[in-house]
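The values are calculated or read from the model by the stated rules, or taken from the named source; none is laboratory data. As the structure is a prediction and not an experimental result, all values here were calculated from the model. Here the Cβ positions follow ideal geometry from the backbone for every residue, glycine too, while neighbour counts run over all protein chains shown.
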Amino acid sequence: MKISTYNVNSVNARIDNLSDWLKAESPDIVLLQEIKCEFDAFPFFELQSLGYNARILGEKSYNGVAVLSRHKIEVTAEGLPGFPDEHARFLEARIKADETVWRVASIYMPNGNPPYNAPDDVSRFDYKIRWMQAFYQYAVRLRQSREPVILGGDFNVILTGRDVYDPEAFKNNALFRPEVRKLLKSVEYLGFYDAFRAQHPAETAYTYWDYAGGAFQNDQGLRIDYLLMSPSALDRLQSIKVDKNPRRAAKPSDHTVLTAELK
């Protein structure tokens with residue numbers, strides 16, 4: 001079973017890139033973030049023609065998450081349970097593939113940095129902390145599941161200095177502040193393992209590069225996209241890799257794909 005997470009940065013703007021990648025890689029399940037559209041504007045037909053069912057939690061012009069699957073999708077949560085939120089950031093589903101029922105969630109955590117014109121505004125960071133605290137509480141409940149659980153997406157958190165090209169430059173950034181790293185680590189301590197780091201403990205591999213300044217060409221990136229797996233999912237993990245090909249394509253997202261293969 002192959003599962004991927006991809007912050008597509010507008011599914012309609014990247015539909016050709018997404019379609020080409022799906023044809024080339026044929027993942028069973030894809031978790032999308034920042035689809036940036038509502039239900040009526042989502043490209044269901046194009047994806048169905050490639051063999052994918054889709055369920056989405058959309059939002060006009062911003063945010064939005066989706067789950068694509070070659071198998072039937074049963075949605076189990078629209079929005080982060082226990083956290084009333086006007087933004088579309090969390091979609092959970094159960095999917096039966098190869099006789100195993102997987103519980104998966106597509107997650108787009110808040111960024112948390114202030115607006116450029118209001119650098120002292122802390123409201124976005126406060127929202128991020130509250131969202132992550134609620135996510136931790138829900139993760140406590142998910143750990144009781146007997147099904148293998150995979151929480152994937154753009155977490156907007158740089159866990160360690162190895163996961164950013166210049167740690168010093170990001171020391172005050174909301175993606176790297178101690179408070180957010182501690183909260184995501186607390187989810188790991190519950191028993192949701194960073195699958196990439198479990199297989200590649202010393203490797204540097206980024207999933208996001210800014211469009212500006214030749215960041216991708218110079219590999220000045222961040223690792224902020226994760227597949228967090230419960231023990232029963234991690235036990236099935238065979239391989240996991242960052243696929244840079246979508247970032248090399250014409251008109252790419254500023255993120256690329258993280259893909260895991262499981263027994």
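Of everything in segment 33-46, what is closer than 22 Å to Glu78 by Cβ and touching a helix residue (DSSP H, G or I) at 6+ places or on another chain (Cβ under 8 Å)? Give them in sequence order.
Answer for segment 33-46, where residues must be closer than 22 Å to Glu78 by Cβ and touching a helix residue (DSSP H, G or I) at 6+ places or on another chain (Cβ under 8 Å): just Pro43.
Can you go through Phe155, Phe170, Phe135, Phe176 and tell me which one is surrounded by fewer than 20 Cβ atoms within 10 Å (Cβ to Cβ) and either among the basic types (Lys, Arg) or in contact (Cβ under 8 Å) with a residue 12 or more places away in the chain (or both)? Full working, then the answer.
Working: Phe155 fails: surrounded by fewer than 20 Cβ atoms within 10 Å (Cβ to Cβ); Phe135 fails: surrounded by fewer than 20 Cβ atoms within 10 Å (Cβ to Cβ); Phe176 fails: surrounded by fewer than 20 Cβ atoms within 10 Å (Cβ to Cβ).
From the options Phe155, Phe170, Phe135, Phe176, the qualifying one is Phe170.
I need the full set of residues from segment 144-167 which are assigned to a strand (DSSP E or B) and under 25 Å from Ile56 (Cα atoms), in order please. Step through it out loud before you land on a result.
First, pick out the residues of segment 144-167 that are assigned to a strand (DSSP E or B): 149-154, 164.
Across segment 144-167, the qualifying residues are Val149, Ile150, Leu151, Gly152, Gly153, Asp154.
Please enumerate the residues belonging to segment 1-54 that are within 20 Å of the chain's Cα centre (by Cα) and polar (S, T, N, Q).
Ser4, Thr5, Asn7, Asn9, Ser10, Asn12, Asn17, Ser19, Ser26, Gln33, Asn53
Among the residues of segment 24-78, which ones are under 17 Å from Lys2 (Cβ atoms), in contact with a Ser or Thr (Cβ under 9 Å, 6 or more places away or on another chain) and not in a strand (DSSP E or B)?
Within segment 24-78, Glu25, Pro27, Asp28, Leu47, Leu50, Gly51, Tyr52, Arg70 qualify.
Say whether the condition of being among the aliphatic types (A, V, I, L, M), out of contact with any strand residue (DSSP E or B) (no Cβ under 7 Å at 6 or more places or on another chain), modelled with pLDDT of 95 or more and surrounded by 15 or more Cβ atoms within 10 Å (Cβ to Cβ) is met by at least one residue in segment 17-39. Give the steps one after another, and end with the answer.
Going residue by residue through segment 17-39, those that are among the aliphatic types (A, V, I, L, M) are 18, 22, 24, 29-32, 35.
In the following step, the residues that additionally are out of contact with any strand residue (DSSP E or B) (no Cβ under 7 Å at 6 or more places or on another chain) were identified as 18, 22, 24.
Narrowing further to those that are modelled with pLDDT of 95 or more: 18, 22, 24.
Then keep just the ones that are surrounded by 15 or more Cβ atoms within 10 Å (Cβ to Cβ); that gives 18, 22.
Yes, because at least one residue in segment 17-39 is among the aliphatic types (A, V, I, L, M), out of contact with any strand residue (DSSP E or B) (no Cβ under 7 Å at 6 or more places or on another chain), modelled with pLDDT of 95 or more and surrounded by 15 or more Cβ atoms within 10 Å (Cβ to Cβ).
Just name the residue that is farthest from Val104 (Cα to Cα) out of those in segment 55-83 that are surrounded by fewer than 20 Cβ atoms within 10 Å (Cβ to Cβ) and among the hydroxyl-bearing types (Ser, Thr, Tyr).
Looking at residues that are surrounded by fewer than 20 Cβ atoms within 10 Å (Cβ to Cβ) and among the hydroxyl-bearing types (Ser, Thr, Tyr), I get Ser61.
Test Tyr211 against the stated conditions and say whether it is without any contact (Cβ under 8 Å) to a residue 40 or more places away in the chain and surrounded by fewer than 15 Cβ atoms within 10 Å (Cβ to Cβ). Break it down stepwise before answering.
Values: without any contact (Cβ under 8 Å) to a residue 40 or more places away in the chain: no; surrounded by fewer than 15 Cβ atoms within 10 Å (Cβ to Cβ): yes.
Answer is no for this residue.
Taking the condition surrounded by 22 or more Cβ atoms within 10 Å (Cβ to Cβ), β-branched (Val, Ile, Thr) and at pLDDT 95 or above, does Val101 pass? Don't jump to the end; show me each part of the working.
On the way: surrounded by 22 or more Cβ atoms within 10 Å (Cβ to Cβ): no; β-branched (Val, Ile, Thr): yes; at pLDDT 95 or above: yes.
Here the answer is no, as Val101 does not meet what is asked.
Count, please, the residues in segment 183-208 that happen to be within 23 Å of Leu32 (Cβ to Cβ), in a loop (DSSP other than H, G, I, E, B) and over 15 Å from the mean Cα position of the chain (by Cα).
Residues that pass the stated criteria total 1.
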